[in-house]
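These notes concern the structure reproduced below.
Just so it is clear, none of the values below were taken in a lab; they were calculated from the coordinates. In this text, all values refer to a predicted model and were calculated from it rather than measured experimentally. In this analysis, Cβ positions are derived from the backbone assuming ideal geometry, glycine residues included, and neighbour counts consider all displayed protein chains.
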Amino acid sequence: MDTVGAGVSGQIPALENLPPMNEDGASGMHLYQPWWLYKQQKAGKLNFARGYHIEMSGGRGMPGAGAFGGLQSFTEGAYGADFKQACRRYYGTFVHFAGRGEMIPNENSYAELDPTVVDQWGIPVLKFHWQWSEHEINQAAHMQKTFADIITGMGGKVTSNIETDGRKAIASGGSIIHEVGGTIMGADRRKSVLNQHCQAWDVPNLFVADGAPFASNADKNPTLTILALAWRTSDYIVEQFKQRNI
Ligand SMILES: Cc1cc2nc3c(=O)[nH]c(=O)nc-3n(C[C@H](O)[C@H](O)[C@H](O)COP(=O)(O)OP(=O)(O)OC[C@H]3O[C@@H](n4cnc5c(N)ncnc54)[C@H](O)[C@@H]3O)c2cc1C
């Protein structure tokens, strides 16, 4: 499973001509909007399961190389002092909204040992199968519309393409770098690799304490859940060891 991603950019006139200041260290990357449409989802008003959070970016940090690339579409041929003035006016008025959503596990997305390819030690490598379902595709389309509505709601102008087709809006699998669930945990040994203690059904003294046991990937970043599961697994190992079960 991976994280669903899609984004929209915009320009906000209300941010123009602010006094120059360096906001390095306090940028929009520190803003995080949790999922908010639980009630609509429960009432069956959304065409996808589970939610997504929003990460906003923008701000007026120290300009880096290329900071004013693309500004010409706003500066209407300004040159020299006029262009410099236009740069001051527009700098820090551009925002980006990125969605990070939960993927619903599906039977077309799984990893297996490659039947032919091996690594340099002769060990079969993993082979991944991947397919987004309608849940993720509809969720990505919802992100696009929501982000565009936020930008226009602030009196801004959307500067990127708004994709109503979620298939085109959704980022490719793996690009949000939150892949988990390679050895999924579950209650049924025929449908999962690990039990609820992250212990392999087939090899009792094998425990997996990383992102691989996730049964699903909530829209949140995975690391704290990895730590919590590893902690719980460690407690279980100690308890089982004391009982001489492993
Ligand atoms: C750029 C980036 C930014 C991220 N930012 C965040 C964030 O802000 N917050 C957050 O919660 N998560 C973030 N993540 C995701 C988080 O880092 C991962 O979900 C987490 O590290 C996964 O842990 P893991 O132990 O399951 O896998 P990994 O950390 O990938 O560990 C797998 C290990 O297995 C080793 N390995 C692979 N194959 C073999 C082999 N055949 N034999 C022996 N060893 C092998 C690898 O070398 C590696 O050390 C980010 C990820 C990336 C890439």
> Which of the trypsin sites (Lys or Arg not before Pro) across region 158-246 are loop residues per DSSP, with 11 or fewer other Cβ within 10 Å?
Replying inline: ARG190, LYS191, ARG244
> Can you sort PHE241, PHE214 so the residue with the fewest Cβ neighbours within 10 Å comes first?
Replying inline: PHE241, PHE214
>> Tell me the relative contact order for region 6-118 as a rounded percent, counting alpha carbon contacts under 8 Å between residues six or more apart.
In response: 41
>> Relative contact order for the chain: what percent, with Cα pairs under 8 Å and sequence separation of 6 or more?
In response: 25
> Where does the chain land at 222 nm, in deg cm²/dmol rounded to the nearest 500, when only DSSP H runs of n ≥ 4 count, each adding -39500 (n - 2.57), divided by all residues?
Replying inline: -7500 deg cm²/dmol
> Using the Cβ atoms and a cut-off under 11 Å, what net charge is assigned to the surroundings of ARG50, where Lys and Arg are +1 and Asp and Glu are -1?
Replying inline: -3
> Taking other Cβ within 10 Å of each residue's Cβ, how do TRP121, TRP132 sort, fewest first?
Replying inline: TRP121, TRP132
> Mind listing which trypsin sites (Lys or Arg not before Pro) in region 1-97 are in a DSSP loop and have 12 or fewer other Cβ atoms within 10 Å?
Replying inline: LYS45
> With the Cα gyration tensor of region 180-246 giving a ≥ b ≥ c as the square roots of its eigenvalues, does the rule (a/c under 1.5 for rounded; else a/b larger than b/c for prolate; else oblate) give rounded, prolate or oblate?
Replying inline: oblate
>> Between HIS178, HIS129, HIS142, where does the largest GNM mean-square fluctuation fall for the chain, given springs only between Cα atoms within less than 10 Å?
In response: HIS129
>> Tell me whether region 23-129 comes out rounded, prolate or oblate; compute the Cα gyration tensor, take square roots of the eigenvalues as a ≥ b ≥ c, and use a/c under 1.5 as the rounded threshold.
In response: oblate
> Which of the GluC sites (Glu not before Pro) found in region 28-109 are loop residues per DSSP with 14 or fewer other Cβ atoms within 10 Å of their Cβ?
Replying inline: GLU76, GLU107
> All other residues with a Cβ under 10 Å from the Cβ of LYS127 taken together, and with Lys, Arg as +1 and Asp, Glu as -1, what is their net charge?
Replying inline: -2
>> Give me LEU46, LEU31 sorted ascending by neighbouring Cβ count inside 10 Å, so fewest comes first.
In response: LEU31, LEU46
